[in-house]
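As structure tokens, the structure follows; a few thoughts come after it.
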Amino acid sequence: MTLPSVVSALTIAGSDSGGGAGIQADLKTFAAHRVHGLSVIAALTAQHTRGVTAVDVPSMDFLRAQLDACFDDFDIRAAKLGMLATAEVIGVVADALRDHRPATIVVDPVMVATSGAKLLEDSALHALRTQLLPLAHVVTPNLPEAELLLGRPIPDIAAMRGAAQDLLAFGARAVFLKGGHLPGGGDVVDLYVDHTGTTETSHLRLEVEAHGTGCTLASAIAARCALGMPMMQACLAASDYVHAALRGGYRPGRSDILVLDHFGAAPDA
């Protein structure tokens, strides 16, 4: 059987009913990069720009059915993993990835929403470390997520450099550690680390609060890898994309939280 001529990327994540993060942000990002987007819904959230009010997880049989349906029919060049709320969900997803072996796996270790709502059960943290990170071609934590994974604070850029190296020890082939939560002023510094070394990139810090930046970054990396870009270049370009989408962000809800302008930041926009 011949493969389809259209390149696809898959998001395995939670649905955001408010449209700013999760599956919805991922599919917008894929579309902005002209990659066909597929989705496996690992959680349903009742969510808006002010917070998450409820979470519902589908049955494991239905979760696996979604995964198999996508891999059975599409040329999936990259899979992006987002909100996987329980150890059981992580186990099903990890098993499917081992069975289907997509060329690129991007793990965004979603643990806490922008609003502060907890999105990962305590028992799932061990499963994330031991089952998903060894499968990842890149893992994209922000600083609070990296602190949870490592069990220690990351107070400055020097600590970020050490943390990124230590995160590699969990088995991912690369780490893209996001520095937006670092206290103080100055530019936002992100670190890309793999077995060849460390590369830093920086952007002007924008004095805004936004929704869906982590989802968008990981999806932009997946989209660019699906199109054949090497991992380091994909991560750096995705960081530029998120910065541009933030600059064009808008406020569709009643809070001050920005939602990203995915299409204004598109590579050919």
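Read the figures in this text as sums done on the coordinates, not as results from a lab. On a predicted model such as this, the values are computed, not experimentally measured, just so you know. Don't worry about glycine lacking a Cβ; one is built from the backbone with ideal geometry, like all the others, and counts go over all protein chains shown.
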Check your understanding: In units of 2.2 N^0.38 Å, what is the alpha-carbon radius of gyration of segment 1-122?
Key -> 1.04
Revision key, fill the gap. Diffing segment 126-137: the Karplus 3J(HN,Hα) column from phi (6.51, -1.76, 1.60, θ = phi - 60°), in whole Hz with x for Gly and Pro, holds 5, 5, 4, 4, 8, 9, 8, 4, x, 8, 6, 7
Study note, to complete from the structure: Rg/Rh over Cα atoms for segment 36-105, Kirkwood Rh, comes to 0.99
Check your understanding: Using only helices, what value at 222 nm comes out for the chain when you add -39,500 (n - 2.57) per DSSP H run of length 4 or more and divide by the total residues, to the nearest 500 deg cm²/dmol?
Key -> -11000 deg cm²/dmol
Point to revise | Hydrodynamic radius by Kirkwood, which averages 1/r over all alpha carbon pairs of the chain, in angstrom | key: 18.2 Å
Review point. At 20 °C and 1.002 mPa s, what whole-number value in µm²/s does Stokes-Einstein give for the translational diffusion of segment 116-228, with Rh from the Kirkwood sum over Cα pairs?
Key: 144 µm²/s
Exercise for review: Please arrange Leu38, Leu10 by counting, for each residue, the other beta carbons lying within 10 Å of its beta carbon, fewest first.
Suggested key: Leu38, Leu10
Check your understanding: Listing Tyr192, Tyr250 from the residue with the fewest other Cβ atoms within 10 Å to the one with the most, what is the order?
Key -> Tyr250, Tyr192
Revision key, fill the gap. Given 37 °C, 0.692 mPa s and a Kirkwood radius over Cα pairs, the Stokes-Einstein diffusion coefficient of segment 1-63 in µm²/s is 257 µm²/s
Check your understanding: Which values of log₁₀ I(q)/I(0), to two decimal places, follow from the Debye formula for segment 186-269 at q = 0.12 Å⁻¹ with a uniform point scatterer at every Cα?
Key -> -0.37
